[in-house]
Amino acid sequence: MPIGVLLLAVLWFQLAPGPFEVAAAAAPVIRENLEYQISLGPWSDVARVHLVLKELEPGRYLAEFSGAAQGMWQLLSRWLPERYQTEMVLREGRLLPLVYREEFISQGRRVLKEYRFDHEGGRLSLWRRAGGGEPVKKWEVPLKGPVYDLLSLFYNVRLGGFGPLPGGATLRVMVLPTPAPQEMVFVIGPATGMGRKVMLDYRPPDSKTVNQYFIFLSPEQAPTLAWTRVTLFGKLAGRLLNPGEIKKEGLLALPPAAAPVPKAQP
């Protein structure tokens, strides 16, 4: 659905905070905290969301996306996904996802979906837990090549993990399966006064319709504005409120010898 994919464009539109179960540890270092304002049709302030990158320990990171609905939209937040979270490690210039989580309310119960990446064993599995029940494995598929969730994809673009992306280039990336494989296609446009323009083509599973999303990127590859069109409401958009908080260098606080090396996308 458009809101789910605009998350990638803005990483965006999860309304209403909720608790995440994270193992007790020393307080992580916040590397970056970006805030976005979501608008929908004539409503200019539907939600405020935060995209935060934390360093858990050297070479290990936690990306989290959460937010809160504004005004009357708080009444709808119970039906919308609440939070995304990804644990990642840095290997050979790219951030590899280890665990990706989604939390939301379904039929009055809190549901946690957890995608577990077994890079050594070459497997990707989905686990689901509803209410206070035990996690249940829903499916498992081979992990044959690089597959990213939305958050790890976002930060790999930020780090240049897919190599240079000049105007006119096309980037194809495999994202989490359902369990069928899914592909997102980014068409890199020219640099403008608002930043570099990017178009994202995405076809939802079991759909013949290709949805389009438009993004403006800062020189640091951070989205400053993104939008798409949704039925009934019109334009769904996300706008960065604190561009001064974009980390211009040293996003991962790595020594020069360990800095990510851009690699060409196969």
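The values are calculated or read from the model by the stated rules, or taken from the named source; none is laboratory data. Note that the coordinates shown come from a computational prediction; the quantities given were computed from them, not determined experimentally. Counting neighbours? That spans all protein chains shown, and the Cβs are built from the backbone with ideal geometry, glycine included.
Only one entry in Leu112, Leu153, Leu126, Leu143 is surrounded by 12 or more Cβ atoms within 10 Å (Cβ to Cβ) and either acidic (Asp, Glu) or under 30 Å from Lys247 (Cα atoms) (or both), namely Leu153. When the residues of the stretch 65-74 are filtered to those that are out of contact with any helix residue (DSSP H, G or I) (no Cβ under 7 Å at 6 or more places or on another chain) and crowded, with 18+ Cβ neighbours inside 10 Å, the one that is modelled with the lowest pLDDT is Trp73. Within the stretch 78-95, being surrounded by fewer than 18 Cβ atoms within 10 Å (Cβ to Cβ), in a strand (DSSP E or B) and among the hydrophobic types (A, V, I, L, M, F, W, C) holds for one residue alone: Val89. Out of curiosity, is Val198 more than 15 Å from the chain's Cα centre (by Cα) and either surrounded by 16 or more Cβ atoms within 10 Å (Cβ to Cβ) or of a type outside the set (S, T, N, Q) (or both)? So Val198 fits the description; yes.
Taking each residue of the stretch 209-233 that is on the phi > 0 side of the Ramachandran plot and looking for partners that are part of a loop (DSSP other than H, G, I, E, B) and of a type in the set (A, V, I, L, M) with beta-carbon atoms closer than 9 Å, six or more apart or interchain, yields Gln221/Leu165.
Count of the stretch 195-242 residues, restricted to those that are in contact with a helix residue (DSSP H, G or I) (Cβ under 9 Å, 6 or more places away or on another chain), at pLDDT 90 or above and of a type in the set (Phe, Trp, Tyr), is 3.
Leu159 - would you say it is over 20 Å from Glu35 (Cα atoms) and either crowded, with 17+ Cβ neighbours inside 10 Å or not hydroxyl-bearing (Ser, Thr, Tyr) (or both)? No; evaluated as a whole, the condition is false for this residue. Summed over the stretch 1-58, residues that are farther than 18 Å from Pro223 by Cα, surrounded by 21 or more Cβ atoms within 10 Å (Cβ to Cβ) and at pLDDT 90 or above total 0. Scanning the stretch 173-199 for residues that are more than 27 Å from Leu143 (Cβ to Cβ) and either in contact with a Cys (Cβ under 9 Å, 6 or more places away or on another chain) or not in a strand (DSSP E or B) (or both) returns Gly193, Met194.
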